[in-house]
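Below: one structure, written as structure tokens.
The values are calculated or read from the model by the stated rules, or taken from the named source; none is laboratory data. On a predicted model such as this, the values are computed, not experimentally measured, just so you know. Cβ sites come from the backbone with ideal geometry, for glycine too, and all protein chains shown count toward neighbours.
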């Protein structure tokens, strides 16, 4: 009898709590996937999910700096509330992305996420973020499958995912165009490191190169963590390739480039990598072998707004951005903050209510936004970049001596290469 | 032990499926290796020069594995314990010294006096790694000396993480590179074969260090004491040998060799120096030590060189001939298949002695 009473008592408490809590959430939120309530004295919380440690740390620091500049540009405030930036290190790996996604999703106050940097992180984190009703805008994910909704084609897109970075369908294609039409190379070797980013990039490059009339003579891979590349380089030398495309990250790209100089048979073979290696530490770490390497990467046309941004970077962060995706991160942050401003409903006491679906819709509807990286319009699966902001760079002696970024040698649409200047 | 003569008696009465499968496995692996190698060599895809350059690069890599492997084997020989934090001892020397090396490069000392500069770097790295190894022994292992064997093993894994993240805290997590030494750039041309100068230099430097160790263990009083302790600690103590001191010496020597390996590795593969760089070489060197027969000094040297060469030559030689795509990615498969293979044929390792029940 006594036990029954206890059970009844517990049930009663649960019922009272339920009745007490439920109406608050349901009262004024009509959003399909819920609202975020921000109290009068509470900050507006956004999160970053970037790779801020390890070999790809420059990529993360580059994005993080731009987020801080964008927040600082608004005096750290939005709708009369402070902006709070929290963050997780996603380690440029699927495991890191999953862990970071889970930690961020556990915080119900987070409105949106700027991130991730590496495509592998996003593939793992996206289901968690999407399920939690949040949204993420990536400044540097370029793997095509992230904005492909059709799972049969390997797509992993889910609602709430956006990116201001260019899709690799574009980057791989311009690499092939540059190699075949401009450099006049006909035999391609591609190498990836098993990451979704590098694997899809080299696949697009190889397909386009074949379509243009070239021949793919070797497709291989290295492991993340490998230091000895002599076996694969020897294999490439034996395949007769005249250009090698290895779009992965430091330090494997450092080892690969440095050891290519020691491999007999590769003396006249052109080397080309992509934006994963487009970081200021690449020439210094690789040494003299880096000179002459072509890198495709994000390119921001010189403009007054970009100059202003660089000036603000120097004031807020100091120095120059260490990698190439700061402009994309800056645009992503502004898109998110603008959307919050647009959707947020401020009550008389200063409480803000923000519908999560409404916030997603505001970003999905983005058209002709004039950002640092060009004019941005988001399509239905979250691709917001037009691909205007890409170029091919060539590392020269000046980069070995500390200059960054390297000179642009080709922009899509040009019929011949520009001479790199000092 | 009774089973040993039984298998000798007659094959039919004592047919054992386990023996059959192991024998079949041996035959299959050997056939695969032979078929793969023959296919590759007959196809003529790779020139003789390419094989030689792979082989020499493998020797250089292998000599670095050997230097690290010696640390595993020395400690095992005396304490019968696997010091899994030894990869981190290697990392501590390599990572700390990269800053000194960069300073030498900036001041021009490295190019003006390359030999002297490299010797200073090696000594510095050796001292750093030696101190780390000594602290490890004193703080993590000595208190557990009487404990069951699993306890120091797990402690070693914990110590390994502790060291990694301590160094990450000290120096950050970005990748750094050893500066290029002008005197070591360029290649030796022998006929049509071109070998980067740095590779034979690395190999010879490692051989000199190993010769030094061999002399120390075989020809000095300290070495004699070390060998005595590894035979029997109790009797050595009765003979007046200070066991604690000898164990400390062993850790110090293993650590110094690992630190030297850190600098030599920096000459050979300058990139990728960071707090996590010790993990893979540590595992590889442990494999090399087991391959050669753990506890055996010459075995560790041989195992290291063997592993380095197999890793460099194997993917192209065996996997390519079998038509396996992505053969380079399977490099580690070669290394560890080799280990399994050697353990099937010679469970005691290439040069190891059969251990008695008490020691094993």
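Listed values, structure above:
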item	result
Segment A:244-262, subset buried (at least 24 other Cβ atoms within 10 Å of the Cβ) and farther than 18 Å from residue A:56 by Cα, residue farthest from the other protein chains (Cβ to nearest Cβ)	A:245
All positions within segment A:102-117 that are touching a helix residue (DSSP H, G or I) at 6+ places or on another chain (Cβ under 8 Å) and under 21 Å from residue A:345 (Cα atoms)	A:110, A:111, A:112, A:113
Enumerated helices (runs of 4 or more DSSP H) restricted to segment B:95-207, each holding at least 3 residues that are modelled with pLDDT of 90 or more	B:114-135, B:150-171
Leading residue by the ranking (surrounded by the fewest Cβ atoms within 10 Å (Cβ to Cβ)) among those in segment A:263-279 that are within 26 Å of residue A:92 (Cβ to Cβ), more than 11 Å from every other protein chain (Cβ to nearest Cβ) and in contact (Cβ under 8 Å) with a residue 40 or more places away in the chain	A:278
Those residues of segment A:178-195 which are over 11 Å from residue A:247 (Cα atoms) and crowded, with 20+ Cβ neighbours inside 10 Å, in sequence order	A:178, A:179, A:180, A:185, A:188, A:189
Residue in segment B:184-191 that is touching a residue at least 60 places away in the same chain (Cβ under 8 Å) and over 30 Å from residue A:61 (Cβ atoms) present	yes
Elements of type helices (runs of 4 or more DSSP H) contained in segment A:316-422, each with 1 or more residues being assigned by TED's automatic domain parsing to the domain that holds residue A:159 and touching a residue at least 40 places away in the same chain (Cβ under 8 Å)	A:326-343, A:356-364
Residue among A:88, A:95 that is more than 22 Å from residue A:282 (Cβ to Cβ), surrounded by fewer than 18 Cβ atoms within 10 Å (Cβ to Cβ) and under 19 Å from the mean Cα position of the chain (by Cα)	A:95
Segment B:223-232: number of residues that are surrounded by 14 or more Cβ atoms within 10 Å (Cβ to Cβ) and out of contact with any helix residue (DSSP H, G or I) (no Cβ under 6 Å at 6 or more places or on another chain)	1
Residue check for residue B:98: in contact with a helix residue (DSSP H, G or I) (Cβ under 9 Å, 6 or more places away or on another chain), within 13 Å of chain A (Cβ to nearest Cβ) and within 21 Å of residue B:60 (Cβ to Cβ)	yes
Criterion (in contact (Cβ under 8 Å) with a residue 24 or more places away in the chain and surrounded by fewer than 22 Cβ atoms within 10 Å (Cβ to Cβ)) met by exactly one of B:276, B:319	B:276
Single residue of B:174, B:182 found to be in contact with a helix residue (DSSP H, G or I) (Cβ under 6 Å, 6 or more places away or on another chain), within 23 Å of residue A:282 (Cβ to Cβ) and more than 10 Å from every other protein chain (Cβ to nearest Cβ)	B:182
Any hit, segment A:189-202, residues being part of a helix (DSSP H, G or I), out of contact with any helix residue (DSSP H, G or I) (no Cβ under 6 Å at 6 or more places or on another chain) and more than 14 Å from every other protein chain (Cβ to nearest Cβ)	no
Candidate set from segment B:32-65 (those that are part of a helix (DSSP H, G or I), within 9 Å of another protein chain (Cβ to nearest Cβ) and in contact with a helix residue (DSSP H, G or I) (Cβ under 6 Å, 6 or more places away or on another chain)); member that is nearest to residue B:310 (Cα to Cα)	B:58
Any hit, segment A:170-187, residues being at pLDDT below 90 and either part of a loop (DSSP other than H, G, I, E, B) or within 14 Å of another protein chain (Cβ to nearest Cβ) (or both)	no
Single residue of segment A:205-230 satisfying the filter (part of a helix (DSSP H, G or I) and surrounded by 24 or more Cβ atoms within 10 Å (Cβ to Cβ)) that is nearest to the other protein chains (Cβ to nearest Cβ)	A:230
